[in-house]
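Only one structure is covered here, and it is reproduced in the block below.
The numbers here are math on the coordinates, done by the rules we state, and not lab data. Values in this document were obtained by computation on a predicted structure and should not be read as measured data. Using ideal geometry, Cβ is built from the backbone for each residue, glycine included, and neighbour counts are taken over all protein chains shown.
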Amino acid sequence: MSGSRVLVLNSGSSSVKYQLLDMRDGGRLAVGLVERIGESGSRLKHSPADGESRERNGSVPDHDAALKAMAAELDRDGLGLGSPELAAIGHRVVHGGLRFTEPTVVDDAVLAEIERLIPVAPLHNPANLTGIRTAQALRPDLPQVAVFDTAFHTTMPESAARYAIDVETADAHRVRRYGFHGTSHAYVSRETARLLGRAPEDVNVIVLHLGNGASASAVRGGRCVDTSMGLTPLEGLVMGTRSGDTDPAVIFHLMRVGGMSADEIDTLLNKRSGLIGLCGDNDMREIRRRVDAGDERAGLAFDIYIHRLKKYIGAYYAVLGRVDAVAFTAGVGENSAPVREAAVAGLEGLGLAVDGGLNAVRGDGARLISPADARVAVAVVPTDEEMEIAAQTYALVNDSGNQNLT
Ligand code: AMP
């Protein structure tokens with residue numbers, strides 16, 4: 001294989017995010033986003049490394065049109081999809097079930113399996129599939145690699161992955177805990193080990209991926225042993241718009257007493273809960289502004305968010321037995337000093353503390369924010385899912401040899 005570039009595609013239901021990376025040096029040649037696909041006011045933003053960012057507004061009726069618009073922008077920068085430099089296209093695929101434990105070169109059987117998993121990922125897998133099929137049509141000769149959000153979590157033991165419900169019923173409907181954000185948890189746990197100057201195999205890390213979606217994971221020696229999201233990304237932490245953990249009986253109660261349908265409750269728990277349901281805002285910056293101004297609803301929302309986070313830190317401390325580091329990542333984790341401070345406040349007994357000065361410093365790179373003599377390192381480790389997808393894609397197509405792939 002001669003090319004060293006990898007195009008990473010993250011296809012959502014109404015958006016496509018893309019990055020073109022050069023794997024010789026990890027450089028980003030172009031970054032872009034097409035949003036509001038199939039809606040009015042579609043928009044493309046494209047930022048080449050060697051030039052001005054460009055924005056286009058106009059109709060983008062479907063993913064095919066979105067990827068063609070992306071391809072046209074890349075062409076303008078001399079980075080077109082026809083280039084022999086392009087080694088592969090790496091796709092983020094949200095649900096890989098139990099079968100996909102590794103990144104996988106896409107063929108018809110792989111596409112069929114991703115399709116079979118639609119019932120457990122109805123919002124994500126259809127869009128991911130459309131992205132792959134559209135990219136295949138654009139470059140049929142190129143290896144397309146699926147990198148699964150669930151893959152990192154397939155090492156969870158059955159004791160963590162199973163719900164305590166009737167085994168036959170669970171298995172018949174593939175009901176179990178799969179976990180998500182795996183590409184981020186894998187990357188961040190490895191980068192945390194690197195920050196500590198130790199091998200990933202020797203380090204136990206609690207990763208807190210706190211974005212609009214949020215999840216925690218317990219990683220022992222580089223392998224995930226528990227994570228907070230479950231059958232779907234609804235379980236676990238309080239998120240921007242998702243409730244996280246609730247008593248399942250809340251659903252029956254809302255059906256029987258509240259007269260709500262399953263779809264209405266689905267929307268309630270996924271879109272009108274979490275921070276936005278509690279206080280009307282899901283952006284942590286705005287919530288903190290309101291808290292600082294004495295807003296009680298925002299204050300309660302913040303406290304509920306932190307309380308849940310602390311419970312997971314404690315739970316995963318117990319799961320791991322020994323913890324070397326707690327790593328904060330994603331939009332909130334990387335940027336919100338008050339969240340980090342509040343999450344570990346009072347956990348000195350577990351060896352956890354943040355240094356106020358270090359925590360307040362803003363920066364781009366991975367950094368420690370715990371006091372120098374802390375028993376457990378607390379770190380801010382920026383996630384980079386695109387780089388991880390590109391690296392896994394590139395490694396796979398190089399390992400596989402050239403004969404079937406190019
Ligand atoms: P993500 O899903 O990782 O892109 O994270 C998005 C979320 O990060 C937003 O909804 C905000 O709540 C949060 N966020 C982004 N920037 C900041 C910031 N400077 N301070 C606090 N929260 C932030």
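In a solvent-free Debye calculation with one equal scatterer on each Cα, what is log10 I(q)/I(0) for the range 281-354 at q = 0.14, 0.21, 0.26 Å⁻¹, listed in the order of the q values? Listed by q, the Debye log ratios stand at -0.47, -0.95, -1.28.
Of the trypsin sites (Lys or Arg not before Pro) found in the range 5-114, the ones in coil according to DSSP and having at most 12 other Cβ atoms within 10 Å of their Cβ are R24. Helix-only arithmetic for the chain: the sum of -39500 (n - 2.57) across DSSP H runs with n ≥ 4, divided by the residue total, places the mean residue ellipticity at 222 nm at -11000 deg cm²/dmol.
Residues whose amide H lies under 5 Å from that of F148, counting only those 5 or more places away or on a different chain, are V93; hydrogens are built 1.01 Å from N in the peptide plane. Summing charges over all other residues whose Cβ lies under 15 Å from the Cβ of P157, with Lys and Arg as +1 and Asp and Glu as -1, gives +3. Taken along the Cα-to-beta-carbon direction at a fixed 7 Å, the label points for D202 and A360 span 3.5 nm. For R99 and S59, a Förster radius of 30 Å and the Cβ-Cβ distance give a FRET efficiency of 0.20, rounded to the nearest 0.05. For the range 91-96, putting each phi into the Karplus relation 6.51 cos²θ - 1.76 cosθ + 1.60 with θ = phi - 60° gives couplings of 10, 6, 10, 5, 10, x Hz, in residue order, rounded to whole numbers and with x for Gly and Pro. Counting only lysines at least 8 places from K45 when in the same chain, those with an alpha carbon closer than 25 Å to its own are K17, K68. Among A391, A161, A262, the residue with the largest mean-square fluctuation in a Gaussian network model of the chain, with springs joining Cα atoms closer than 10 Å, is A262.
For the range 136-219, run through the chymotrypsin sites (Phe, Trp or Tyr not before Pro) and keep only the ones in DSSP coil with at most 16 other Cβ atoms within 10 Å of their Cβ.
Y163
Here the label points at L111 and R289, each 7 Å from Cα along the C-beta direction, are separated by 4.7 nm in the simple model. When you filter the trypsin sites (Lys or Arg not before Pro) in the range 274-362 for DSSP loop state and at most 15 other Cβ atoms inside 10 Å of their Cβ, you are left with R322, R362. Highest GNM mean-square fluctuation among S42, S184, S217, for the chain modelled with Cα contacts below 10 Å: S42.
Using a cutoff of 8 angstrom between alpha carbon atoms and counting only pairs six or more residues apart, the relative contact order for the range 118-210 works out to 23 percent. Computed on the chain, the Cα convex hull volume stands at 162 Å³ per residue. With a cut-off of 11 Å between beta carbons, the residues surrounding K68 carry a summed charge of -4, where Lys and Arg count +1 and Asp and Glu -1. Gain on full extension, evaluated as 0.36 nm per residue between F252 and A137 minus their Cα-Cα distance, stands at 36.9 nm. For the chain, set up a Gaussian network in which alpha carbons nearer than 10 Å are linked by springs, and say which option among V361, V376, V257 fluctuates the most. Greatest mean-square fluctuation among the candidates belongs to V257.
Taken one residue at a time, the phi angles of the range 368-378 give Karplus couplings (6.51, -1.76, 1.60, θ = phi - 60°) of 8, 10, 8, x, 4, 9, 5, 5, 10, 6, 10 Hz. Gly and Pro are set to x. Using the Karplus relation 6.51 cos²θ - 1.76 cosθ + 1.60 with θ = phi - 60°, the per-residue 3J(HN,Hα) values for the range 14-30 come to 10, 8, 10, 9, 9, 9, 10, 10, 9, 7, 5, 10, x, x, 9, 7, 7 Hz, with x marking Gly and Pro. Between the beta carbons of N398 and H173, assuming R0 = 41 Å, the FRET efficiency works out to 0.60 to the nearest 0.05. Classify the range 259-406 from the C-alpha gyration tensor, please: rounded if a/c falls under 1.5, else prolate or oblate depending on whether a/b exceeds b/c. Verdict is oblate for the range 259-406. Within the shell defined by Cβ-Cβ distances under 11 Å, the residues around A343 carry a net charge of +3, with Lys and Arg each +1 and Asp and Glu each -1. Taking every Cα-Cα distance in the range 69-157 and sorting them into 5 Å bins starting at zero, the pair-distance distribution P(r) comes out as 3, 14, 24, 22, 15, 11, 8, 3, 1, 0 percent. Would the range 116-192 count as rounded, prolate or oblate if I go by the C-alpha gyration tensor, calling it rounded below 1.5 in a/c and otherwise prolate when a/b exceeds b/c, oblate otherwise? Judged from the Cα gyration tensor, the range 116-192 comes out oblate (a/c at least 1.5, b/c at or above a/b). State the antiparallel share, in %, of DSSP beta bridges confined to the chain, rounding to the nearest 5. Once the DSSP bridges in the chain are tallied, antiparallel ones form about 70 percent.
Taking amide H as placed 1.01 Å from N in the peptide plane, A88 has its amide H under 5 Å from the amide H of L7, each at least 5 places away in sequence or on another chain.
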